[in-house]
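Please treat every number below as a calculation from the coordinates, not as lab data. Just so it is clear, the structure is predicted and the values come from calculations on it, not from any experiment. Every residue, glycine as well, gets a Cβ built from its backbone with ideal geometry; the counts of neighbours run over all protein chains shown.
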Amino acid sequence: MNDDPNTTSNSALKQIDYPEGKYPEYQAEGLQHVKAELIRLLGEKQKDIVLDLAFWNRKYREEYKEAITKHGGRWLLVFLDADKEVLRRRIADRRAQRDALSLNDKRRDGDTAFDVDNETFEMYWDGFERPVGEGEIVIKVL
């Protein structure tokens, strides 16, 4: 589960269909939906669930671990460890693919709408708390 589809299905595309300043509000709504759906699925006790969220700091990760445990689930933290240049290349590739599409192309979605400039990239990179000693499994991304 990911908050982007919920955010974009309810609010459309950032900087295209609504002002950038509304993004935090719409993202919060998307995350509320993800958490409610997570709890619902945990109640079914029949499925493996993958959360595809940034989990950018320990407190945020702990919040989800506690919710999963409280509702009878078992969490597994997988950290996809990528170097800065790998991430920069992926962002540039995604932007190039998006920019090759017409504005009305249905493949333009929440995953393609967000522009990450250098300043924003550095802010996210510097603010990310790598999981250490949290029971994480680390996979090196090349």
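Structure note, pairs Lys65/Lys140; Lys35/Lys59; Lys22/Lys47: Cα-Cα distances above 26 angstrom occur for Lys22/Lys47. In this structure, the amide hydrogen of Phe79, modeled 1.01 Å from its nitrogen in the peptide plane, lies closer than 5 angstrom to those of Ile137, Val138, Ile139, counting only residues at least 5 positions away or on a different chain. In this rough spin-label picture, where each label sits 7 Å from Cα along the Cβ direction, the Lys84-Arg40 distance is 4.2 nm.
If we count every other residue with Cβ under 10 angstrom of Lys140's Cβ, Lys/Arg +1 and Asp/Glu -1, where does the sum land? Value of the local net charge: -2. Using Cα centres only, tell me the gap between the range 112-142 and the range 56-71 in whole Å. Value for the Cα centre distance between the two parts: 18 Å. Within a straight-line Cα-Cα reach of under 15 Å, Lys45 can be paired with the following aspartates and glutamates, leaving aside sequence neighbours fewer than 8 residues apart in one chain: Glu37.
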